[in-house]
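Chemist: Pasting a structure below so you can have a look.
The values are calculated or read from the model by the stated rules, or taken from the named source; none is laboratory data. Keep in mind that this is a model prediction, so the values were computed, not measured. In this analysis, Cβ positions are derived from the backbone assuming ideal geometry, glycine residues included, and neighbour counts consider all displayed protein chains.
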Amino acid sequence: MADAGRRARPAGPALMLKPGRERSLKRRHPWIFSGAVAAVEGAPATGDTVDVLAADGEFLARAAFSPSSQIRARVWTFAAAESVDAAFFERRVQRAVAARTGLRDDRHTGCRLIHGESDGLPGVIADRYGETIVLQLSSAGAEHWRDALVDALAALPRVACVYERSDADVRQIEGLAARTGVARGVLPERVVLVEDGLAYCVDVVNGQKTGFYLDQRDSRAIVHSLAAQREVLNVFCYTGGFTLAALAGNAARVVSIDSSGEALSLARENLARNPTLPQDRAEWRDADAFAELRRLRDAGAAFDLVVLDPPKFAPTAQHAERAARAYKDINLWGLKLLRPGGLLATFSCSGGVDAGLFRKIVAGAAQDAGADAAVIGRFGPCADHPVALAFPEGDYLKGLLIRKRE
Ligand code: SAH
């Protein structure tokens, strides 16, 4: 069996694993860590495709080699008969897009088309904002196949521009320099996204990540449904996603905080772009959230609905402890600012903090705030952000809806 596997594979560079280290690949986990590799056969360059073989020579996967990363290779395919070439990427892109057609909803013109590992394309993110696609490549293999990926995306129907935002910090770990700019077509002067009937301007050139947090679409819809007559505090508001959703849900008032002046000015513009929303019910604070929450408390402010959607405090598990303190702090102040009977929508997008740990942190915050509180709902990413069951690392976004008892 092992011999047959060995003969079947085409000659070329390969990674031989240590005995026993084939197990995670057999469960279809797409990462091969450096510590699992016994030997590198041939002389693969960064991003080259290698066969991954068990210690007994059995073919396990075909993967992208990344010599400078602890994640030494990322799997493209588990099928021995499948070649990794431009046609492969065209098929994978089309498969990802097809998987979302059943999810299409005319109330939204934004969609994550490719969600990395969970779409069988490690290191590849593609977000569609109307006719503009923003592509983010963050692994050596994705970088290697850049042209094929751009071609496949540009060939999709109704695409006027593919814009590249390959500037995530993780590229450094893979030994890649940042690259941004138009990859295909012409970038419109204004990229506008419509979500649940609300128009948002997306700054694909300078905005965070690809420009907009599409993953929070369902959470924004829930906040919309809870906001009526409530005084809302939206902390870490970025370009106003939850703010506009709350105003559309007839909130009495929305105070929004962010420390990015650029994000806030786009947030204001986004509100103005939707003239049917009650413009005079929004207040914006350009401030550090940790300080502003204390200031609000000192000033005797109170709210009926608090949204806490901070940046990724813990990119990996190593940062979990420091991140836990930051999460606890903001949740403590968020709960203190909540009136009895009020609601807290609290999120973590840190891969290094899992749902169980997050719940414990929020429970600790409630205890320190002297708040009697209960979880009444849970939030997660919307359906165009799949999490492959074999890839639990993809499960980064979690949220709790909490009610502070009277
Ligand atoms: N809720 C937003 C996304 C939030 S992203 C949405 O639905 O679109 C996190 C935001 O936190 C960013 O806009 C960033 O500028 C802001 N931020 C980061 N650190 C901050 C701090 N210490 N105080 C206030 N805002 C901060």
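Chemist: Return only the number of the condition from (1) touching an Asp or Glu at 6+ places or on another chain (Cβ under 9 Å); (2) within 15 Å of the ligand (Cβ to nearest atom) that residue 146 does not satisfy.
Modeler: (2) is the only condition that residue 146 fails.
Chemist: Moving on to the next point. Quick check, is residue 200 among the hydroxyl-bearing types (Ser, Thr, Tyr), in contact with a Phe, Trp or Tyr (Cβ under 7 Å, 6 or more places away or on another chain) and crowded, with 18+ Cβ neighbours inside 10 Å?
Modeler: Considered against the rule, which asks whether it is among the hydroxyl-bearing types (Ser, Thr, Tyr), in contact with a Phe, Trp or Tyr (Cβ under 7 Å, 6 or more places away or on another chain) and crowded, with 18+ Cβ neighbours inside 10 Å, residue 200 comes out as yes.
Chemist: Out of 87, 160, 98, I need the residue that is in contact (Cβ under 8 Å) with a residue 12 or more places away in the chain and not basic (Lys, Arg). Which one?
Modeler: 160
Chemist: Mind listing just one residue for me: the one in the stretch 301-323 that is more than 16 Å from the ligand (Cβ to nearest atom) and modelled with pLDDT under 95 and, of those, surrounded by the most Cβ atoms within 10 Å (Cβ to Cβ)?
Modeler: Of everything passing the filter in the stretch 301-323, 320 is surrounded by the most Cβ atoms within 10 Å (Cβ to Cβ).
Chemist: Restricting to the stretch 178-193, and then to whatever is within 23 Å of residue 311 (Cα to Cα) and surrounded by fewer than 16 Cβ atoms within 10 Å (Cβ to Cβ), can you tell me which residue is farthest from the ligand (Cβ to nearest atom)?
Modeler: Among them, the one singled out is 179.
Chemist: Continuing with the same structure: Scan the stretch 88-110 and tell me whether some residue there is at pLDDT 95 or above and either in a strand (DSSP E or B) or at positive phi (or both).
Modeler: Taking every residue of the stretch 88-110 in turn, at least one turns out to be at pLDDT 95 or above and either in a strand (DSSP E or B) or at positive phi (or both).
Chemist: Restricting the search to the stretch 384-393, which residues are at pLDDT below 95 and either crowded, with 20+ Cβ neighbours inside 10 Å or not charged (D, E, K, R) (or both)?
Modeler: 392
Chemist: Quickly run through the stretch 159-177 and pick out the residues that are among the β-branched types (Val, Ile, Thr), closer than 19 Å to residue 149 by Cα and surrounded by fewer than 21 Cβ atoms within 10 Å (Cβ to Cβ).
Modeler: Across the stretch 159-177, the qualifying residue is only 159.
Chemist: Among the numbered criteria (1) in contact (Cβ under 8 Å) with a residue 24 or more places away in the chain; (2) part of a strand (DSSP E or B), which single criterion is violated by residue 68?
Modeler: For residue 68, the failing item is (2).
Chemist: Which is more than 22 Å from residue 137 (Cα to Cα), of a type in the set (D, E, K, R) and in contact with a Lys or Arg (Cβ under 9 Å, 6 or more places away or on another chain), of 231, 262?
Modeler: 231
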